[in-house]
Structure formats: C-alpha cells, structure tokens
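The values are calculated or read from the model by the stated rules, or taken from the named source; none is laboratory data. Because the structure is a prediction, the values reported are computed rather than measured. Virtual Cβ from ideal backbone geometry, glycine too; neighbours counted across all protein chains shown.
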Amino acid sequence: MFFSLAMRLSSFVNLAMLILVSVSASASPSVAPGVTAFSSSAVHATGFEPVNAFTSESSDSDVGEQSGSVVFKRDEKINVAVAANFAKPLKSIAKQFTELTGIEVAVTVSSSGTLYAQIQHGASFDVFLSADRARPQALVDNNVVHHGNLVDYAKGKLAFVYTGDLSSEASHEASSERNCKEIAGSSTEDTAAQLNVQLTDCLSKQLVQLMENPQNKIAIANPKLAPYGDAAQQALQNLSLWQQFLPHRVMGKNVLQTLQFYTTGSVKGAFVAYSLALDLPSNLPSNLATTGNTKIANSTTVIVPVPETLYQPIIQSLVVNSKTAASLSPNLFEPRPIKNATAPVNEPAHKDDVETTRAFNLADANDVSSPSLFVQYLMSQGVQHSLIEWGYEPTIASGVGI
C-alpha cells in the first residue's frame, strides 16, 4: 500500500511540474503601444541540420555519436526585442533557429529608443538588438547588463529613396534620375572615393530639386529614437541642407513607419535603411495616383545609397539582458575539430584523426542558456555571411563565432 501511495504521489508531482513548465513557456513580455510582435515557427535552416521531431532517450555514448542531426530539442521560448530596420532578417533567422533547436523566439519590433526605455523600466526581453551601439553600451554602463554581454552583430547602411517621374514632360528630371541610378549601380573602375563624390553631388542636387516644390514632403525617422534617423540628420547637416529640409520634413517613429510614408505616397522621398530599400518594387503601386500635384502613375523608385562619408558608421549591437555573463564562446554552431576516438590519448592528433565538419548538436549546449545560444547562432559565420543579402555588412565580435 505504501508503494502504491508513493507512485500516486510521484504521478501528481510530475503532472504539477508539466503544468508549471507549460505556463512558464507561454509567458512573454507585454506589448506596449507602437511596437509589433511575432513568434518564430519551424522552417528549413539552410546550412544546418534540422532538429529531430521526437525526444530521444539515448545513452550518453549515443548522444556523442555524429549522426548528422540533433537528438533532442528544448521546449523553451525566448523574448527578443529588435530595432525596426532589422525586423525582417531577424524573423528569418529566428525561424531557422527554432527549426534547429526547438527554442521558440517571440519577437518585439520597435525603435531602438523605445525598446531601450522599456528595458530600463524592467521589460523582460532576453536579447535586445539595437540599430546602434550607444544604447546597448548605455545598458552596460548603467550596470543593467553584464559588460561581456554586448556584441556588434551588423553594420547598417543609409539610403535615400525618391519617386522619379519618367514621363516625357519631365525629361530634365528623368535625366538626372537616370544618372543617379547609374552612379548607384556603377560597376566601373572608379575608386570608392570617386564614387562617394559622385553620389554626394547627385544626392545633394536631387534633394535641392525636390525641395524647390513647397508641396514635396520628405520623410525621416525620429533622430532621437531611431539611429537611422540620426544618420539622416547628420547627412543633411553635412550637405548644408538641414535648415532647408525642415519645412518639408515628415517624421516617423522608426524606419518602418518612415518607409510606409513613402510607399503609401504620402511623401516624395525618404531616408531609410538600405536593407529596407532593397525590398521596394522598381515601380510604385498603380493605385497611387498622385503625390500632391505631381502625377506618379508612370513613376519609378530611385534608390541612392547615402555615402558613408556623410554620417557616422551605423554599428548595430545587441545585449543579452542579464547581469550574469552570457556563454558566447566557443560558438557551438561553427565546425570544430574532433579528435578520432580510436587514436591513443597521449599521441598527437594527425590529419586523418581529425573530423573538421562536426554538425551542431544541441546535446553539447546543456550548460548554455537559450539566449546565449541564439546570439551564437546569429554570430555564426553562415548567418553573418547571409546578412549581405539583406543589405548589411557582417561583423565578427571578439570571442564570438570562433
């Protein structure tokens, strides 16, 4: 009877633990007004092996075998806050990470300034991806997070997009726009310095031309909240056009809203992240009939990369939101040398004794927190290289990705 009672008590305890785990996994920070939230879902993770759908009860020796796939997954969720400009790449990266590890990623999107303020007031984000380095650094300086939890994850670029009328009635304007497009897409032997001079001249002339019409509006993200807005202000000031620009200014809360002003036809031009500009169609939607008094039915979008000489580098950094040091090295998503188990322990490893293509195995991450594991994945060489396709330059932080 005592054994039966013990078994019933054990079953009750296990049930209670399952309920607690379920409640914990479903918890996520509340979403404040002005932010966007979404969760990752399982899709194919290019370059890595997918997680198995079932939990394995293999022995320790089986776990160590290189079968090419993970033997279990974590049934967890992490909360990641991201600046608006990086929302689309992060959504793709988060889905790949979930496919690989089983760890769900709940994502909140807003301006860097808004997210920073929320963390200062105790928001329970596990990882914060800013569009600058200043705000993550401030969290470190204010002892909100551990000093070793700050990582530079990408370098952003600023672009100016505007509507070009290609009708015969505007031949002078069309000629100017084609020159801007030719310069921006130039594959000549011009040096970077020469290209920057040409782009600077083109951008300055186009802005002046747009601002000659009092009805033309130009959008910019709020420089106090959005690093790309701050970069745009720097560019306009270095072009000596800031004061001339102010009467035409329409200000968005972040670069996504700034881009929306342009795509809906509310403004004639906008300063946005180059990564967002890449997604714009070459022709504006046909339902946008006019912008002010200007017909845009036959218009095209011109993308001008803003020369990096006109603004401070946009180094985008992240922090793991914890006062405890994150586990960022070694990066478990990088190939690691593995000594052949058949070789004598005291003998030096030979070329034939080393396996250099060991696949990621979640069993190796027992002592690594899920937020740390997510940052390792973001900083892995494969993911960093993919940032180029999104319009960013990769960056490798010291001690990460090695």
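Quick notes
- When LEU150 is tested against (1) over 29 Å from ASP279 (Cα atoms); (2) among the aliphatic types (A, V, I, L, M); (3) buried (at least 23 other Cβ atoms within 10 Å of the Cβ), only condition (3) is not met.
- Residue match in the stretch 67-81 (condition: over 23 Å from SER327 (Cα atoms), at pLDDT below 90, assigned by TED's automatic domain parsing to the domain that holds SER386 and in a loop (DSSP other than H, G, I, E, B)): yes
- In the stretch 124-146, the residue that is surrounded by the fewest Cβ atoms within 10 Å (Cβ to Cβ) out of those that are polar (S, T, N, Q) and under 16 Å from GLN312 (Cβ atoms) is GLN137.
- Condition check for ILE296: within 21 Å of PHE160 (Cβ to Cβ), at pLDDT below 70 and in contact with a Gly (Cβ under 8 Å, 6 or more places away or on another chain): yes
- Test: ALA87 is of a type in the set (A, V, I, L, M) and without any contact (Cβ under 8 Å) to a residue 40 or more places away in the chain: no
- Some residue of the stretch 143-152 being part of a helix (DSSP H, G or I) and out of contact with any Pro (no Cβ under 9 Å at 6 or more places or on another chain): yes
- Filter result for ILE93 (closer than 15 Å to SER275 by Cβ and assigned to a helix (DSSP H, G or I)): yes
- Residue match in the stretch 347-362 (condition: farther than 19 Å from HIS146 by Cβ, modelled with pLDDT of 80 or more and part of a helix (DSSP H, G or I)): yes
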